[in-house]
Each structure stands twice: as structure tokens, then as C-alpha cells.
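Working notes, beginning with the structure itself.
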């Protein structure tokens, strides 16, 4: 889930030029927009951490066991890792 969330942050950022063009068509003046990648990554990471904490708290409050790790599918009905 959080991987998808991270992709969304990058997708929204990728739309900035389209958004700026739209704003300009309504009379907004935006000159030479630049992205501070360091700040973007820091804020993205902070938001992902915040969301992760919320999700973990919901699971813990409902007494759901969290299994941390990774696995991969090795067949249609088998996985390697659990």
C-alpha cells in the first residue's frame, strides 16, 4: 500500500507543468517553477511515516498481528517467504 502511496506523490508532482499551464490560462502568472528535490523527498518520507504509523495503530488497536518481512510469489498458489 505504501509503495502505491509513494508512486502517487511522484505522479502528482509530475503533473505540475500541466497544472501550471492550466493556471496560466486563467490569468495566473507563474514564472520559472523549480522543484527542490531534497525537500520534496524529505516531506514525502515524513508523510509516508505518518501514514504508516496511523495504519499500524489501527491494526494494533484491533489486535491484528503484524508480520514484517517480505515474500514473493513463486507460482500461482505458492509464495516464498512466509
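The values are calculated or read from the model by the stated rules, or taken from the named source; none is laboratory data. Just so we're clear, the structure is a prediction, and the values are computed from it rather than from any experiment. We place every Cβ from the backbone using ideal geometry, glycine too, and count neighbours over all the protein chains shown.
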Within segment 1-30, restricting to residues that are surrounded by 10 or more Cβ atoms within 10 Å (Cβ to Cβ) and under 21 Å from residue 70 (Cα atoms), the one that is modelled with the lowest pLDDT is 2
Of those in segment 31-49 that are touching a helix residue (DSSP H, G or I) at 6+ places or on another chain (Cβ under 8 Å) and surrounded by fewer than 11 Cβ atoms within 10 Å (Cβ to Cβ), the residue modelled with the lowest pLDDT is 33
Limited to segment 50-76, what total is found for residues that are at pLDDT 90 or above and either loosely packed, with under 11 Cβ neighbours inside 10 Å or on the phi > 0 side of the Ramachandran plot (or both)?
10
